[in-house]
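Only one structure is covered here, and it is reproduced in the block below.
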Amino acid sequence: MRTYRCGIITISDSGAVGAREDVSGMVIHEVLQRADAEVSAYAIIPDDFNEIAAKLTHYADILQLDLILTTGGTGFSPRDVTPEATKAVIEREAPGVCEAIRQHSMKITNRAMLSRAVCGIRGASVILNLPGSPKAVEESLEYVLDTLFHGIDILTGNVANCARK
């Protein structure tokens, strides 16, 4: 069984300066551990387009992580630029992932329709924007994680894993 190398990026102005605990990032870490995935990189950065784009690029191109998960910055606030930074670095979009998350989340709260999250591929890395709420992060990630791993297997040519699913 393959171990997926993952990165977590929490995007929060207050978290980046230590004024807020990163609960959502820790929830992502816990969900990945339960799935036997490896958290290879973790960062808290401010809601800054250039910093987000640079960190995503570093995780994909230099660290060559399989899955890069962001939390925060996907709403309507003027500082919420995570989707725009993600779109700037991905090479191909994978809209079905966020569509599925929004559809699933709409069964829980109609505020899910306010998510502007995106998902896409850069090189051999999948990048997924998750919400900022710890509860929504857990519900969303648990809903799509197995399918994301399957997609990563297809992307990376790991045919042995694909055949088992």
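The values are calculated or read from the model by the stated rules, or taken from the named source; none is laboratory data. Owing to the predicted nature of the structure, the values given are computational and were not obtained by experimental measurement. Every residue, glycine among them, receives a Cβ derived from its backbone with ideal geometry; neighbour counts consider all protein chains shown.
Of everything in the range 142-165 that is modelled with pLDDT of 95 or more and among the hydrophobic types (A, V, I, L, M, F, W, C), the residue that is surrounded by the fewest Cβ atoms within 10 Å (Cβ to Cβ) is Ile154. For His150, the conditions (1) in a helix (DSSP H, G or I); (2) closer than 22 Å to Ala35 by Cβ; (3) within 13 Å of the chain's Cα centre (by Cα); (4) not basic (Lys, Arg) are fulfilled apart from (3).
Within the range 66-82, the set of residues being in contact with a strand residue (DSSP E or B) (Cβ under 7 Å, 6 or more places away or on another chain) and farther than 18 Å from Gly123 by Cα comprises Thr71, Gly72, Gly73, Thr74, Thr82.
Selection of the range 85-123 for residues being within 19 Å of Glu51 (Cα to Cα), surrounded by 18 or more Cβ atoms within 10 Å (Cβ to Cβ) and without any contact (Cβ under 8 Å) to a residue 60 or more places away in the chain yields Ala85, Thr86, Val89, Ile90, Ala117, Val118, Cys119, Gly120. Do we find a residue being hydroxyl-bearing (Ser, Thr, Tyr), crowded, with 19+ Cβ neighbours inside 10 Å and closer than 19 Å to Ala60 by Cα anywhere in the range 124-141? Yes; the residues of the range 124-141 include at least one that is hydroxyl-bearing (Ser, Thr, Tyr), crowded, with 19+ Cβ neighbours inside 10 Å and closer than 19 Å to Ala60 by Cα. The lone criterion from (1) farther than 15 Å from Pro131 by Cα; (2) in contact (Cβ under 8 Å) with a residue 40 or more places away in the chain; (3) in contact with a strand residue (DSSP E or B) (Cβ under 6 Å, 6 or more places away or on another chain); (4) among the small types (Gly, Ala, Ser) left unmet by Ser40 is number (2).
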